[in-house]
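Everything below concerns the one structure shown next.
The values are calculated or read from the model by the stated rules, or taken from the named source; none is laboratory data. As the structure is a prediction and not an experimental result, all values here were calculated from the model. For neighbour counting, all protein chains shown are included, and Cβ atoms are generated from backbone atoms with ideal geometry for every residue, glycine included. The protein model used for the area step is the full one, side chains on, heavy atoms only, and it has no ligands, DNA or RNA in it. Shrake-Rupley method; radii C 1.70, N 1.55, O 1.52, S 1.80 Å.
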Amino acid sequence: MRWKLALFVLLPLAFLVCSPVLFLLTGSLMDPGELSQYLSPILSQGKGYVAWRLVPQSPSLRSYVELLLDSPEFFAMFWNSVRITALILVGQLLVGAPAAWGFARFQFRFRKTLFTLYLILMLMPFQVTMLSSFLVLDSIHLINTQWSVILPAVFSTFPVFLMYRFFRSIPEAILESAKLDTGSAFQIFLNIGLPLGSAGIVSALVLGFLENWNLIEQPLAFLKDKTLWPLSLYLPNIDLAKAGVAFTGSVVTLLPALLVFLSGQDYLEQGITAAAIKG
Amino acid sequence: MERLHSKNQLPRPHPGSPARLIEIDLHSLIGRRRKKPFTLQAKALRALAGFLSLMIFFTVLSRVADSLTIARVDLQETQKRSIDHKITASGQVIANGAKTVTSFPGIRVASLAVKPGEAVAENDPLFSLSLEDLQQKLEETELELEKLNLDIRDQKSREKTEADSRSTALARALQDYNDMKSETGKAVEQAQKILTEAQNRLEEYRENPPPHADLESLQLICEAREKALEEALSALDALQTTVDQQVQEARQQAETAGVDPDEAENSVRASYEQALNTAAEKAETARSEKQTADHDLAAASEQESSSQEQELLDAVSIAQQNFDQAVSARDSALKAAARAIEDAQKSPSADSSAEKMEMEWQKLSEKIEELQKLLENGGVVRSAFDGVVDKLNIEVGNPTPDGTAVLISDLSQGTAFIAQIPAEQEKYISVGSTVTLKPGGDQKELTGLTVESIQKVQKDSELLEITVKLPENSLKLGSSAEMEAVQPSKPYPYCVPLSALQEENGGYYLLIIQEDAGFLGPELTAARLNVEILEKNESYAAIDGGSLVAGQEFIADSNKPLEAGDRVRLNQP
């Protein structure tokens, strides 16, 4: 009975939370005329209030055709996003994983101080560090290049934090026995640490993908050339005349994030659970 | 844990193995069996791979579609040139003079002796008419003429009768006028005489009015009354004097006697009071009677004189009225008689029947003469001059038309070239302009010719006919040629082809290239540049250079319709 009650409360809430995605899907299938009718009060000084239908009056794939066949700039920005996100994730793997392993398994001077500094940096919002980052990037001539977005994200502290938790959870006995077999710390990291901490690594990568796929502020601040812009900056350029394309673009932008999340969902759950138990 | 010998022998932990360790802990804690974790994961990974492949496919497809929809354009710079106005027209060579040959209309054509284009000399036969028809026509025309003669005779007779009637009426009107004038004149004189007499009598009466018997007796009465009044007044005065004396004496006596004098006076007055009253009444009565007598006399005099004078005045008045009536009657009668004279003198309304008949008679006579001449010539119609037969408006067996039967070009006046051009080109060509003629075939073109005349085409006001006089023996009559006339203009620094100009709402603009930074890199878009046209011909236009940059390139040609804001791509040379 209790679960029925819980369901009765949770289902509407879940629908409320999912409704923007639902609107997105229905909006992508609407005729441009129908969209103009519903959205004109907010996008073109029309009278009355915004209206919406869950089921379109005249469903149409016109927006999909227009986006997928008539908008080459969308794909240019899509591949920009893919490039930026992939390079960031690879960089985070190459830089963050060893850093997390070092924090987790090695004892060295000022370890705690440094880790605390990492945490502080992780908590600071981008707006605080934007100006200083701009000055540094400009001094090394990276402004208006995609490296101005990639490099700061590669050296982000959040993946280190996530992977640290998982590396910490590896039993010491395993490592000690590995040390007996091989004295190389790198090999232990590579052959023991990475496989055993893969859940954390994957969850860090998944969260990193979700974060970097939706980057807006850094590209807007550091990239002047529109040819370098990622997909997250395509949507702000849409107006009422292209509202259908905006909805369709949002659906297409959502899909990779959804698929990556689904493919790494288990690791995320495991990571959250392990952190809760082991912590 | 087994010993590690080499990297290759290292056990490959399943990605889930640490998780499995954790799972075992979890299972022991939670006690529930975990579902297979990898089915959804594998599917999601495969879907992601498929999605990326699809995106690659659509990327290529959208680029291809984009390249197909983008217009390819050619750029060109403005040129410095003059805007020459070339006028071309096709035309034909005609003879400068053409003459018509007419014939009697309505007569059947028996035979034709010439064809169009054939040269004829003076007196050459052109065609012949049917003799039967000619004879019949002659007889009909003679009959018609006879009828007309009769009509003319009747008309003349009518006119004479009318003239006689008019003169008689006029004479009568004049006679009536004179008679009326005489009669009415006499009546007026008579009335005038009577009036004058009445006026004279009145005058006389006023100057010397006669006395009247009744008036004499009244006059005597007045005199008597006046006398009586005088006597009464004297008696009254005398009595009053006596009373005064008595009163005086009485007062003296009273004073002497020592009696109140006033009492004595009163006593005297009282004694004479009655006498005084009587005398006063008498005087009053006499006065009244006199006044009455005077009044009666005055009234009688007035009445007598006014009644006699009134009679005279009435007589004058009547005489005057009679005179006025006589004058009025005279005037009316004379006016009516004068009008009758005017009516009689009025000329009759214009009647041109006689002239028309005369003209008709003349015409018929000429027709008869012409028919007789034709009959004498055996019905053959000949040419009166040298020339070339241009056109035949007759056919064998059909009646001759009521106009030109044969049109013959008169070669003695030379040939000319005529062509038609739109009226709007008039400003580019004028009399005296130099033209070039390009005949067809192998003939050489003729240059340096001048326009002889420019006239409006009667049937079409939007066309002009250009005539160019040709030198002798230059082009054959009837041949066609192309005329070309060029009017040069001053050089303009900025000229563009007309195909590059766009028109909107009465204004013109060019499309130029603008480079914008787009999502796919630098993009070329068409931008609008408004221009003002100074002059143009059918291929180029000179524009005002105010809005142009030096060396400005514009879109001269495109493989698709273009509007400002469209993305474009340059055609590779």
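Among residues belonging to the stretch B:211-228 that are out of contact with any helix residue (DSSP H, G or I) (no Cβ under 8 Å at 6 or more places or on another chain) and at pLDDT below 85, point out the one that is farthest from B:ASP296 (Cα to Cα). Per the stated criteria, the residue is B:PRO211. A:MET130 fulfils the conditions (1) free of Cβ contacts under 8 Å to residues at least 40 places away in the same chain; (2) assigned to a helix (DSSP H, G or I); (3) of a type outside the set (Asp, Glu); (4) open to solvent by 70 Å² or more (accessible area, probe 1.4 Å) except for a single criterion, (1). Which condition from (1) open to solvent by 30 Å² or more (accessible area, probe 1.4 Å); (2) of a type in the set (Gly, Ala, Ser); (3) touching a residue at least 40 places away in the same chain (Cβ under 8 Å) is the one that A:GLY193 breaks? Status for A:GLY193: all satisfied but (1).
Looking across the stretch A:70-105, the residues that are open to solvent by 40 Å² or more (accessible area, probe 1.4 Å) and more than 20 Å from B:GLY521 (Cβ to Cβ) come down to A:ALA86, A:LEU87, A:VAL90, A:LEU93, A:LEU94, A:VAL95, A:PRO98, A:ARG105.
Reported count of residues in the stretch A:176-190, each being surrounded by fewer than 17 Cβ atoms within 10 Å (Cβ to Cβ) and more than 10 Å from chain B (Cβ to nearest Cβ), is 6.
Residue by residue through the stretch B:363-374, note down the ones that are of a type in the set (Lys, Arg) and either surrounded by fewer than 15 Cβ atoms within 10 Å (Cβ to Cβ) or outside any helix (DSSP H, G or I) (or both). Don't jump to the end; show me each part of the working.
Taking the stretch B:363-374 as the starting set, the residues that turn out to be of a type in the set (Lys, Arg) are B:363, B:367, B:373.
Scanning the stretch B:363-374 gives B:LYS363, B:LYS373.
Contact annotation: no residue pair with Cβ atoms under 9 Å, 6 or more positions apart or on different chains, pairs a residue in the stretch A:240-267 that is farther than 27 Å from A:ILE42 by Cβ and within 8 Å of chain B (Cβ to nearest Cβ) with a partner that is assigned to a helix (DSSP H, G or I) and among the acidic types (Asp, Glu). Each residue in the stretch A:203-229 was checked for being buried (at least 21 other Cβ atoms within 10 Å of the Cβ), within 11 Å of another protein chain (Cβ to nearest Cβ) and part of a loop (DSSP other than H, G, I, E, B), and 1 of them qualify.
Go through the stretch A:151-174 and give me each residue that's within 11 Å of another protein chain (Cβ to nearest Cβ) and more than 30 Å from the chain's Cα centre (by Cα). Across the stretch A:151-174, the qualifying residues are A:PRO171, A:ALA173, A:ILE174.
Suppose the filter is surrounded by 13 or more Cβ atoms within 10 Å (Cβ to Cβ), of a type in the set (D, E, K, R) and closer than 25 Å to B:GLU376 by Cα; does B:GLU144 pass it? Spelling it out, B:GLU144 is indeed surrounded by 13 or more Cβ atoms within 10 Å (Cβ to Cβ), of a type in the set (D, E, K, R) and closer than 25 Å to B:GLU376 by Cα. The listed residues are B:VAL73, B:VAL109, and the only one of them that is closer than 30 Å to B:LEU520 by Cα, assigned to a strand (DSSP E or B) and more than 14 Å from every other protein chain (Cβ to nearest Cβ) turns out to be B:VAL73.
With respect to (1) surrounded by fewer than 16 Cβ atoms within 10 Å (Cβ to Cβ); (2) of a type in the set (A, V, I, L, M); (3) within 30 Å of A:LEU228 (Cβ to Cβ), the lone exception for B:LEU520 is condition (1).
Listed by first and then second residue, the pairs linking a residue in the stretch B:375-388 that is open to solvent by 40 Å² or more (accessible area, probe 1.4 Å) to a residue that is part of a loop (DSSP other than H, G, I, E, B), with Cβ atoms under 7 Å apart and 6 or more places separating them unless they lie on different chains, are B:ARG382/B:ASN123; B:ARG382/B:ASP124; B:ALA384/B:GLU122; B:ASP386/B:ALA121; B:ASP386/B:GLU122. Given the criteria open to solvent by less than 80 Å² (accessible area, probe 1.4 Å), assigned to a helix (DSSP H, G or I) and not basic (Lys, Arg), does B:GLU360 qualify? Yes.
For the stretch B:414-441, give me each residue that is touching a residue at least 60 places away in the same chain (Cβ under 8 Å) and under 23 Å from B:GLU472 (Cα atoms). So that I can check it myself, show each step before the final result.
Restricting attention to the stretch B:414-441, the residues satisfying the condition of being touching a residue at least 60 places away in the same chain (Cβ under 8 Å) are B:414-421, B:425, B:428-429.
B:GLY414, B:THR415, B:ALA416, B:PHE417, B:ILE418, B:ALA419, B:GLN420 - these are the residues of the stretch B:414-441 that are touching a residue at least 60 places away in the same chain (Cβ under 8 Å) and under 23 Å from B:GLU472 (Cα atoms).
Scanning the stretch B:213-268 for residues that are loosely packed, with under 14 Cβ neighbours inside 10 Å and of a type in the set (Lys, Arg) yields a single hit, B:LYS227. The condition of being among the aliphatic types (A, V, I, L, M), assigned to a helix (DSSP H, G or I) and closer than 30 Å to B:LEU407 by Cβ holds for B:LEU138. Of everything in the stretch B:398-415 that is small (Gly, Ala, Ser) and buried (at least 21 other Cβ atoms within 10 Å of the Cβ), the residue that is modelled with the lowest pLDDT is B:SER409. Checked against the criterion of being modelled with pLDDT of 90 or more, part of a helix (DSSP H, G or I) and away from chain B (no Cβ under 14 Å), the stretch A:39-46 has no qualifying residue. Restricting B:SER349, B:SER353, B:SER317, B:SER271 to those that are surrounded by fewer than 17 Cβ atoms within 10 Å (Cβ to Cβ), within 30 Å of B:LYS137 (Cβ to Cβ) and of a type in the set (S, T, N, Q) reduces the list to B:SER353.
Here are B:GLU162, B:GLU122, B:GLU197: which of them is touching a residue at least 40 places away in the same chain (Cβ under 8 Å), among the charged types (D, E, K, R) and outside any helix (DSSP H, G or I)?
B:GLU122
Scanning the stretch B:44-68 for residues that are open to solvent by 60 Å² or more (accessible area, probe 1.4 Å) and more than 8 Å from chain A (Cβ to nearest Cβ), we see that the one that is nearest to B:LEU464 (Cα to Cα) is B:LEU68.
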